[in-house]
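For reference, the structure discussed in these notes is given below.
The values are calculated or read from the model by the stated rules, or taken from the named source; none is laboratory data. Not measured: the values here are computed from a predicted model. Backbone-built Cβ (ideal geometry, glycine too); neighbour counts: all protein chains shown. Areas reflect the complete protein model, heavy atoms only, side chains present, ligands, DNA and RNA absent. Shrake-Rupley method; radii C 1.70, N 1.55, O 1.52, S 1.80 Å.
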Amino acid sequence: MRPFNVVLAGVGGQGILFASRILFEAAMARGQKVMGAETHGMSQRGGSVVSHFKMGDQASSMVIPGTADALVALEKTEGLRNLEFLRPGGVYLVNAPDLSHVPPAVSALFERSRVKIRSFDADRLALAAGKPLTANLYLMGSFCALEEVPFDGAEVRAIVAALSKGSADDNLKAFDAGLAAG
């Protein structure tokens, strides 16, 4: 399997670290080598949180700009702030109702670089369910439904169940809904 790199970006309180842990555990359950790093400054005050996930034979824990296969953004401004990590032909999945936040110049760059862009309104779904803290699980389900992602939804679902303490039902409902919505 070729290396697979993901950058997850958002702000404190959105569950970036839990989402990245799901990917780490899913990869390790497969027997894959994994590495990663987190950067979070004022995360408890809504500051930036970025997690780097690398699977496969690789030499360092940080995703080098221009090499991420996917950028998953729980917050659209943080997504735009971390676009430098995406490789040409990568996938940009953002928690947003649409892509109107993407400046035209960036849209043109995406098109030239063959970056697949997709918005998924995880916040709206989580709020509608009365569980706003599950937006990260809705987005992870949607992420696992992408054909570029080398994880099977069932294997990631098992990890979500194993890691969810006391909130497994809510987390699994959110993950399943995101996976089904694709």
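Each row is one residue, and each column tells you yes or no for (1) at pLDDT below 95; (2) crowded, with 21+ Cβ neighbours inside 10 Å; (3) farther than 27 Å from V34 by Cα; (4) aliphatic (A, V, I, L, M).
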residue	(1), (2), (3), (4)
F85	no, yes, no, no
N95	no, yes, no, no
R114	no, no, no, no
D121	no, no, yes, no
R124	no, no, yes, no
M140	no, yes, no, yes
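Of all the listed residues (A19, A70, A105), the sole one being outside any loop (DSSP other than H, G, I, E, B), at negative phi and open to solvent by 10 Å² or more (accessible area, probe 1.4 Å) is A105.
Taking region 16-50 as the range and being more than 18 Å from R81 (Cα to Cα) and of a type in the set (D, E) as the test, only E25 passes.
Considering the conditions (1) out of contact with any strand residue (DSSP E or B) (no Cβ under 7 Å at 6 or more places or on another chain); (2) surrounded by fewer than 14 Cβ atoms within 10 Å (Cβ to Cβ), L80 is excluded by exactly one of them, (2). With respect to L99, is the statement that it is in contact (Cβ under 8 Å) with a residue 12 or more places away in the chain, touching a helix residue (DSSP H, G or I) at 6+ places or on another chain (Cβ under 7 Å) and open to solvent by less than 60 Å² (accessible area, probe 1.4 Å) true? Criteria not met by L99. State yes or no: is G153 of a type in the set (G, A, S), at pLDDT 95 or above, surrounded by 14 or more Cβ atoms within 10 Å (Cβ to Cβ) and in contact with a Gly (Cβ under 9 Å, 6 or more places away or on another chain)? Criteria not met by G153.
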